[in-house]
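Have a look at the structure that comes next, please.
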Amino acid sequence: MLAFIKKQAKDLFPGYFAFIMATSALSIGCSLLNMDFVSKLLLYVNGGAYLWLWFLTLIRIILFFPQFWNDLISHTKGPGFFTLIAGTSMLGSQLIIVGNEPRIALYLWYWAIFLWIVIMYIFFTAVTVRKHKPSLAKGINGAWLIAAVATQSISIVGTLLVPHFKANHTILLFFTLCMYLLGCMLYLNIITFIFYRFIFVDFKYESLTPPYWINMGAVAITTLAGSSLILHAEYWSMLQELKPFLKGFTLFFWVTGTWWIPLLFILMIWRYVVHRYPLSYDPQIWGMVFPLSMYTAGTFQLSKAINVSFLIWIPKAMVFVAMAMWLVAFVGMCHRMFSKLRVTDEKKDKTPILP
């Protein structure tokens, strides 16, 4: 068992906290749609998974730091570390909405802000000053947008914390508003290069990995962040003044996310049906589950924020798509984990005992 844990920590996929993001988003969406049993169950699953992933991450930092560091400053693997921030923040949001535990969420929010400062500036400094850089085709992918997702996730938790504490709401909401706008900036900058790669750079079906769904997921969480600010505008007069801008800007991002969904499904058909790319579990699949779950929660809150009730039918249907994808990914993850554990045990049994 110790050998298995050590191996899991050494090879831990940097973006595995996307599982926490996806589970939190689905749990929140279920809670908003009054599916309380499912939302609570997902909360318990998520809490255990969060502690387990941090346990493996700490082992990796202690025992395999050079490998951890090389991944962090890599153009291709580095963006996955933003899931540590987004996963922490999304769990905080889940604890507020589903678990009614704002105190624990507050500590997670502080921890997420600390991670945001460390990972954001280490990664972007490293990829900026590196002498030998990959080409655009090899260096950028949908995972880069998790930088925007992480930023928006911090905005959401901070906004959701406002009604639960008597602290200075002005300072708190100013900070969450700034994070929302910064997340918008990051999305618009990064998606420009991703869209350029889609249209003008040779794009093979093997390259169409699940994290490209974050093209949509990043705007879905931006929709949720903007809607949360609108719904909490009563706590700060400036937000009241900005409501028309926030409504228009948030709707803009929701429309963008909605536009991405059919295109991404078509490209998935192109990859898996036309070119018969083999279907198998990959940790990156959580980068697809998260956007579908977040679109559910974001659309529901948008319908309340801009008072457009007919949008409610979208999350009512989308939640079942998100649940199906989560179940498929979860079964695949469990199967992969138990298969690796069995292989580790078999190797151990075959190891000769020296006299």
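Just so it is clear, none of the values below were taken in a lab; they were calculated from the coordinates. Note that the coordinates shown come from a computational prediction; the quantities given were computed from them, not determined experimentally. Cβ atoms come from the backbone with ideal geometry, glycine included; neighbour counts cover every protein chain shown.
Evaluate the distance, in nm, between pseudo-label points positioned 7 Å from the Cα of ILE266 and of PHE175 along their respective Cα→Cβ axes.
Placing both labels 7 Å beyond Cα along the Cβ direction yields 4.4 nm.
Could you give the dipole magnitude of the chain about its Cα centre, charging the beta-carbon of Lys and Arg +1 and that of Asp and Glu -1, in debye to the nearest 20? Write out the running numbers ahead of the final one.
Numbers: 26 positive and 12 negative charges, 153 e Å.
I would put it at about 740 debye.
Now a separate question. Normalised by the residues of the chain, what does the relative contact order come to in percent, with Cα pairs under 8 Å and at least six apart?
Details: 498 pairs, mean separation 71.2, N = 355.
20 percent.
Can you tell me the FRET efficiency between TRP52 and PHE252 if r is taken as the Cβ-Cβ distance and R0 is 45 Å, rounded to the nearest 0.05?
On the way: r = 38 Å, r/R0 = 0.85.
The formula returns an efficiency of 0.75 here.
Rounded to the nearest Å, what's the spacing between the alpha carbon centres of region 1-43 and region 183-204? Just the number, please.
28 Å
If you don't mind, another one. Where in region 267-286 is the amide nitrogen less than 20 Å from a point lying 7 Å along the Cα-to-Cβ axis of PHE338?
280-283
Fully extended, how many nm does the chain gain between TYR277 and LYS10 (0.36 nm per residue separation, minus their Cα-Cα distance)? Before the final figure, lay out the partial values.
Numbers: separation 267, 0.36 × 267 = 96.12 nm, distance 2.79 nm.
So the chain would gain 93.3 nm between TYR277 and LYS10.
How big is D for region 104-213, in µm² s⁻¹ as a whole number, if Stokes-Einstein is applied with the Kirkwood radius of its Cα pairs at 20 °C and 1.002 mPa s? Display every interim value, and only then the final one.
Numbers: Rh = 15.9 Å.
For these conditions, the coefficient is 135 µm²/s.
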